[in-house]
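The values are calculated or read from the model by the stated rules, or taken from the named source; none is laboratory data. Only a predicted model underlies this, so the values are computations on that prediction, with no experimental measurement involved. Positions of Cβ are backbone-derived with ideal geometry, glycine not excepted, and every protein chain shown enters the neighbour counts.
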């Protein structure tokens, strides 16, 4: 389900992140407590983390899908989950591909972050939102609120996307 030519609020654009947050946090907490948890994760759970991180970069940091294809950070993902995915790779990857941040569970570099974002929306039965749509919504919200400093915008991002540690799900839950 895709939304076309409709103004969306920033909250609507970020609804997929809010919908997936508890599922993602459960896996992150488990990985942080014991990195061997990766052995218990299904491919679907691994992909959920990949899709969520991609969505975070595209929807919160307002980055184009091309940026997602070339990233090299997010420590827990990069150090643990990504290394396991690369080991699954069927063929040797070039050094350029090995430096890509986001990998699919097959070990291949992400090639279509926009489609992954759509899959994450579909997983949570939400209308698909593109990076252009969210950027437009954020720009409109900033204009309407007459925000002039980064601190005010930062507080909106923090309020919508990030959580209180008290809200974190129980490990292995």
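Observations
- Residues that are closer than 20 Å to residue 124 by Cβ, in a helix (DSSP H, G or I) and out of contact with any strand residue (DSSP E or B) (no Cβ under 9 Å at 6 or more places or on another chain), drawn from the range 31-51: 43, 44, 45, 46, 47, 48, 49, 51
- Positions within the range 117-126 being in a loop (DSSP other than H, G, I, E, B) and surrounded by fewer than 16 Cβ atoms within 10 Å (Cβ to Cβ), in sequence order: 124, 125
- Matching residues in the range 52-86 - criterion: being in a loop (DSSP other than H, G, I, E, B) and touching a residue at least 60 places away in the same chain (Cβ under 8 Å): 62, 63, 64
- Residues of the range 27-36 classified as in contact (Cβ under 8 Å) with a residue 60 or more places away in the chain and closer than 19 Å to residue 85 by Cβ, total: 1
- For the range 105-116, the tally of residues that are crowded, with 18+ Cβ neighbours inside 10 Å, out of contact with any strand residue (DSSP E or B) (no Cβ under 7 Å at 6 or more places or on another chain) and either closer than 14 Å to residue 55 by Cβ or at pLDDT 80 or above (or both) stands at 2.
Residue by residue, here is whether (1) at pLDDT below 90; (2) surrounded by 12 or more Cβ atoms within 10 Å (Cβ to Cβ); (3) at negative phi holds:
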position	(1), (2), (3)
3	yes, yes, yes
7	yes, no, yes
13	yes, yes, yes
19	no, yes, yes
35	yes, yes, yes
